[in-house]
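Colleague: Structure in structure tokens, see below.
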Amino acid sequence: MGKSEDSEKKKKMKDVEISVPIVYGNAAFWLGKKASEYQSHKWTVYVRGATNEDLSVVVKRAVFQLHSSFNNPTRIVESAPFELTESGWGEFEIAITLFFHNYVCEKPLNLYHHLKLYPEDESGPMSTKKPVVVESYDEVVFTEPSESFLARVQNHPAVTFPRLPAGFTLPPPVPQDESKRKRGDTKDHPLSQWFLNFSEADELLQLAAARQQVQTHIAKLRRQISLTDGQNQPFKSL
Amino acid sequence: MDAKDILGLPKTPLSITQEKKSRPQKDSQRKPDGISREVYALTGGVAPLMPSIDVSQLKRRPPSDEKITWQWLPFTSSARKDNLQLYHWVRVVNGVPPTGDYSFAKYNKSVDVIRYTDEEYEKHLTDPKWTKEETDQLFDLCERFDLRFIIIADRFPTPRTVEELKDRYYSVSRTILVARAPSPGEVAGHPLVKEPYNVTQEIERKRALSMVLSQTKHQERKDAEVLAEAKRIAESRMAARAAEEPDLPIASDIGPESAERAVGPGDTISPSNVQVPAPAAAPSTSVIADNSSTLASLRMLRVYLRTYALEQMVQAASSSAGLRTIKRVEQTLQDLEVNLKPKVPTKAVCAEHLELRKEILTLLNLQKQLQYKEAEGSSFRDGSYGDMPGSAKRSQRAADQDRTFVLDTISFGGDRGVKREQKRKGPGRASETSSSPAGAHKRPRKMKASDL
């Protein structure tokens, strides 16, 4: 491949990005009768694929940085599902650092989640059966993905694969030994019944409607402006 | 018609003479204690708020129980390796001279020049351009002159440039360090190993510096012009190529660099700019430039969260807007029942959100424009600029009408949003007809103002 071809390729790949939709948050159960002063809740903080697919194709490990009052506040999780369960009484900010595989990206990414234990409605009863769940949806975007990255994740359900520029072909993926690795997806996770659903459709609809209104208003204003200009013109020519 | 008459100022310069009279009075008031007259004048003839010197302390005498004499005594310094006997004045208290090393000996620092053994030289350090004798001499001089290479170059027996000497010294030291270290990891942090001396870069850098230094004034001006021109071309090029490579490396080269470097890229940019086709309608190139530079910086990150990207893009889009405008945008979003930060930030949602924010900004700008034009119009019609309260009231009313108009349309839109979408035939017309009947009770007031 000549140098110009390489740079041509690079130019086309400039806008190619791979995005991984994730959901991160916590689920907290009140311990009820078993609650003590310092351990009133049992909570799990986690990062999962937005469609509950296995993130370990992209994420190598997740590091959860807890409040300093915890023993060993830096908890490292080396495999999916990337989650951590603890018990405590306080709400605090947890810093989650995602480390990716070498072929994905060398830089880690930080997420911040405020641990929620107590329900929004303070007057309501606390239940040991129904957890307090707070989740945030986001997408991890990788720019200028390497060919090995693209090859590795094509057809993987956890990843939003981009449309490649015309004429671009990928090498066939290296077959992975699926049987040996344990399941990393969260489809049958014990907490999955509490997971929230994130659908972009509602938000898109809302945004489209809002844009429509604004655009109509803009058109109206433009007409009024030209009208006023017309009225002011005779004065201006003085 | 004297200007002073209009302003109501006294014709005779009374004030000036008054000033002259008061000044000599102030000058004679110069009796501060403890500070000399000159120092007082330095502060502008005004006493400082806090006394800088405590006056009572100025004439303090040493405690009377101690007997102080000054004696001319010999001393030794640990910094000297010879036996030179020096003398100096020493403050002797009660007949006891002070003890301890010479107080300035601690400043006698020197560089730790690494010396190699002959064995090490044979093993690692032979070089076709350097004899062992020369290298030995170099190291002797380095130790003697504390790595002051200008002096070393001056004293070096054979003619060598400073860069050559530095190169030899640093590469030898580095090789020795690495060779002596038990494992490469241990020395990796040592500055000699971490940042090796780059001869060619140094030569180039010094040449460039001397070129800049020896520029004439005329050349300096010409270079500034070329730099400005190149910057402009680079920016418009970035705007034109928003979708393609923004070519940041060239732009940064143009930055603070030497004269001749700037001419090179400047030349290459202009021909290539001509070839780039004119971009499609861009409302303002500065906004596009902002966007493309944000995109470029995001690309540099390699990995980022989409919410972060949206934040950056929103900031870039609102960079020209003031704080109040941004608040108004957010208020409008809330009125439209749109989340300020999308709950499901997918690529599509973020793009729509950004576009919506931009459209709201346009909307607010247009409203302001309309207000301004209407105020202009009403001031024309009223006929005199002096009628301030009247036109102010008018423009205020117009502003109020605008606000209620906006809220009215939006809240109306909120109710009927779904229905409107079903009914829509063409974008503009249908909504006009559907909104006019309901808004009728507010509309007539607005029409009156514009119908005048």
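The values are calculated or read from the model by the stated rules, or taken from the named source; none is laboratory data. Since this is a predicted model, take the numbers as computed values, not measurements. Here the Cβ is made from the backbone with ideal geometry for all residues, glycine too, and neighbour counts use every protein chain on show. Remember, those area values only see protein heavy atoms, side chains included, never the ligands or the DNA or RNA. Shrake-Rupley method; radii C 1.70, N 1.55, O 1.52, S 1.80 Å.
Colleague: Can you work out the accessible area per residue across the range B:116-175, with the rest of the protein chains kept in place, probe 1.4 Å, in square angstrom?
Modeller: Value returned for the range B:116-175: 60 Å² of accessible area per residue.
Colleague: Can you tell me the alpha carbon radius of gyration of chain A divided by the globular rule-of-thumb value 2.2 N^0.38 Å?
Modeller: Normalised Cα radius of gyration, chain A: 1.43.
Colleague: Continuing with this model, one more query. Summarise the accessible area of the range B:142-248 (1.4 Å probe, protein heavy atoms) by the percent that is carbon and sulfur.
Modeller: Its accessible area is 55 percent carbon and sulfur atoms.
Colleague: Other chains near B:330-337: what is the mean number of their Cβ atoms within 10 Å of each residue's Cβ?
Modeller: For this peptide, the per-residue mean of nearby foreign Cβ atoms is 2.
Colleague: Which angle from 0 to 90°, rounded to the nearest 10, does the C-alpha axis of helix A:200-236 make with the longest principal axis of chain A?
Modeller: Taking Cα atoms only, the helix is inclined about 30 degrees.
Colleague: Got a sec? Which residues of the range A:124-149 lose 30 Å² or more of accessible surface with every protein chain in place, vs. that chain alone, 1.4 Å probe?
Modeller: A:Y137, A:D138, A:E139, A:V141, A:T143, A:E144
Colleague: For a protection proxy built on the mean count of beta-carbon atoms within 10 angstrom, sort B:345-353, B:329-337, A:87-95 highest first, please.
Modeller: B:345-353, B:329-337, A:87-95
Colleague: In Å², nearest 100, what accessible area do chains B and A bury in total when the solvent probe is 1.4 Å?
Modeller: Chains B and A together bury approximately 5100 Å².
Colleague: Which order do the peptides A:122-132, A:209-219 take when ranked by the mean count of other beta-carbon atoms within 10 Å per residue, highest first?
Modeller: So the peptides A:122-132, A:209-219, ranked by packing, come out A:209-219, A:122-132.
Colleague: Can you give me the Cα centroid spacing of the range B:170-215 and the range A:96-112 in angstrom?
Modeller: About 33 Å separates the Cα centre of the range B:170-215 from the one of the range A:96-112.
Colleague: Here's a follow-up. Considering only protein heavy atoms and a probe of 1.4 Å, how much of the accessible area of the range A:1-139 is carbon and sulfur, as a whole percent?
Modeller: 50
Colleague: Taking the Cα centre of chain A as origin, sum charge times position over the Cβ atoms of Lys and Arg (+1) and Asp and Glu (-1), and report the length of that vector in debye to the nearest 20.
Modeller: That gives chain A a dipole magnitude of about 360 debye.
Colleague: Starting from the residue with the highest accessible area, list B:M300, B:M211, B:M313 in decreasing order, probe 1.4 Å.
Modeller: B:M300, B:M211, B:M313
Colleague: Compute accessible area for the range A:89-112 by itself and then with all protein chains, 1.4 Å probe, and report residues whose area falls by 20 Å² or more.
Modeller: Those are A:C105, A:K107, A:L109, which lose 20 Å² or more relative to the chain on its own.
Colleague: So for each of A:154-163, B:70-79, B:231-240 I average, over its residues, the number of other beta carbons within 10 Å; can you give me the resulting order with the highest mean first?
Modeller: B:231-240, A:154-163, B:70-79
Colleague: For peptide B:293-306, what's the mean number of Cβ atoms from other chains within 10 Å of each residue's Cβ?
Modeller: 5
Colleague: Here's a follow-up. For B:L213 and B:V93, calculate 0.36 nm times their separation in residues minus their Cα-Cα distance, and state this gained length in nm to one decimal.
Modeller: Gain in length upon complete extension: 37.6 nm.
Colleague: Could you calculate the FRET efficiency of A:S127 with B:E330 from 1/(1 + (r/R0)^6), where r is the beta carbon distance between them and R0 is 30 Å, rounded to 0.05?
Modeller: With R0 = 30 Å, the Cβ-Cβ based efficiency is 0.25.
Colleague: Any idea what angle helix A:3-13 forms with the longest principal axis of chain A, computed on alpha-carbon atoms, 0 to 90 degrees, nearest 10?
Modeller: That works out to roughly 80 degrees.
Colleague: At what distance in nm do the modelled label points of A:N110 and B:E202 sit from each other, each positioned 7 Å from its Cα along Cα→Cβ?
Modeller: Placing both labels 7 Å beyond Cα along the Cβ direction yields 3.8 nm.
Colleague: Now, a different point. In Å², and per residue, what accessible area does the range A:85-238 have when probed at 1.4 Å with the other protein chains present?
Modeller: So the range A:85-238 comes to 59 Å² accessible per residue, rounded to a whole number.
Colleague: Could you work out the mean count of beta carbons from other protein chains within 10 Å of each residue's beta carbon in A:228-235?
Modeller: That works out to 5 on average.
Colleague: How large is the Kirkwood hydrodynamic radius of the range A:186-228, counting all unique pairs of alpha carbons, in Å?
Modeller: Kirkwood radius, the range A:186-228: 13.8 Å.
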